[in-house]
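Inspection log for the structure reproduced underneath, given as structure tokens.
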Amino acid sequence: MILTRFGFGHSAIAFAAVLATLMFAGMWVAGGPSLLPLTIAVAAIGAGVSLSLAIRATHVPFDRDADLKDAIDPDVPPKAHIALVPQLPGTNGATFNSWLGGSPALPEGESWPMIAGQPTQFLAQIDCTALPDTLWQGIGPRRGWLVFFRATGHEHGALPVRVLHVEGRVTTCPPPMGQHVRPRWPLLLHGAGEQAVVDTGAGPQWGVLHDVDLALPGYQPFDWTSAEMLLECLMVRTGGAAWCFDDTKCHRVADGLARLRADFDRLRTEETEFEDAAPALLSAALALVTAAGDCKCGCGGTQTQLRQAARAYFAPFERHCRQIYAGDPRALPPEQRALFEPFWAHNARHETGSIGADDVSRKVGAEVLLELPSSELLGWMFGEARALRIFLTAEDLAEGRLDRAWGSVAA
């Protein structure tokens, strides 16, 4: 039917044209033009056009969702699925046995999984006792944990993964040497139809987050690491104008910051208490930049560069605060916690994963073991802000063949 609708109408015209051509040729071969063959040729072309129009005007049913018919069949009951909602540490004093990021908990002697000779990245650990009986059609483990890892790279949407099922006594497994540990966030497992809410109180202060004011308490460095971040941004953004021909301004700032950085490194090496030295040193650096004023040579001026330095400082500073907070919220000073905690809660509400997604499972023909979105909380990105899905056929899941799981990156 589809072929008839989109192809046969044009074929009718083509057939008529060929017939007319043959008739014209027959006319001349017969010894010259003749009225009867000419009349027949014109009639043939007209019939072809009429047939084409009739065919194109005929309604032909076309189910453009035919390949998804199983996914929307009302006679097929929906599969159970649950939502994975990141929580702020210590939410309502609750304890969570599932988590994202951080380090996995594995049995003693269990080695960190490798893929193609390279250490994998830990994704999540899911408490199987919290999974509903109806999930995955009732198959799969309901004791211990499922532990998910991914390869550090992917190609053409495919992403190798490793899935482990562990039971019994487990301990935190440190990552391989040199691998960055991402912040750990507790996971709340919500069944389908239940409301998943992160209690946040006040919303983020978007204006304060977008316009970084280094004078605000929330942006003040509070340890040697955050102080180095600010000083480095000042040197890169402001000291980067040392090529400027205005010796009294840009060069003076660059030289002054270099001397302050040398003092900073010396004090940190000597293990001087942060509060005894760093705040005064950073105040001197900011005063040096502020007092220099604007440059007239076209480099942008120190005030412009100071604003650029503040914006560059935001990302590493927020990431540093997030890492500390995820480990122990009490370790982050109250000023930084008041600034960033509503922001992290906002991200948690919008970075919900899932297990057993019904529509995806039916399209692929396999069970969805895990789906995770790209996440600012974790600092990972799948493709261009896409999601990672990990699949396993129902037969392999029932037999415990988790080594056959595969991952893909999709919108």
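State the extension gain, in nm to one decimal, for the chain segment bounded by residue 158 and residue 225, taking 0.36 nm per residue of separation less the distance between their alpha-carbons.
Length difference between fully extended and current span is 20.4 nm.
For the residue pair residue 118 and residue 403, what label-to-label distance in nm results when each label sits 7 Å from Cα along the Cα-to-beta-carbon direction?
2.2 nm
Using modelled amide H (1.01 Å from N, peptide plane; none on Pro or chain starts), what sits under 5 Å from the amide H of residue 182, excluding residues fewer than 5 places away?
Amide H neighbours of residue 182: 102.
What is the extension gain from residue 364 to residue 127, computed as 0.36 nm multiplied by their sequence separation minus the C-alpha to C-alpha distance, in nm to one decimal?
That works out to 82.8 nm of additional length.
Residue-wise, which Karplus ³J(HN,Hα) couplings in Hz belong to segment 332-337, taking 6.51 cos²θ - 1.76 cosθ + 1.60, θ = phi - 60°, and x for glycine or proline?
Once rounded to whole Hz, the list reads 8, x, x, 5, 6, 5.
If segment 78-192 were replaced by its equivalent ellipsoid, with semi-axes equal to the square roots of 5 times the Cα gyration tensor eigenvalues, what would those be, largest first, whole Å?
24, 18, 15
Please work out how much length the chain gains when fully extended from residue 280 to residue 338, using 0.36 nm per residue of separation minus the C-alpha to C-alpha distance, in nm with one decimal. List each step's numbers first, then the result.
Numbers: separation 58, 0.36 × 58 = 20.88 nm, distance 2.40 nm.
Residue separation times 0.36 nm, minus the Cα-Cα distance, leaves 18.5 nm.
Quick note: the coordinates plus some simple rules give every number you see, no bench work behind them. The structure displayed is predicted, hence computed values, not measured ones. Every residue, glycine as well, gets a Cβ built from its backbone with ideal geometry; the counts of neighbours run over all protein chains shown.
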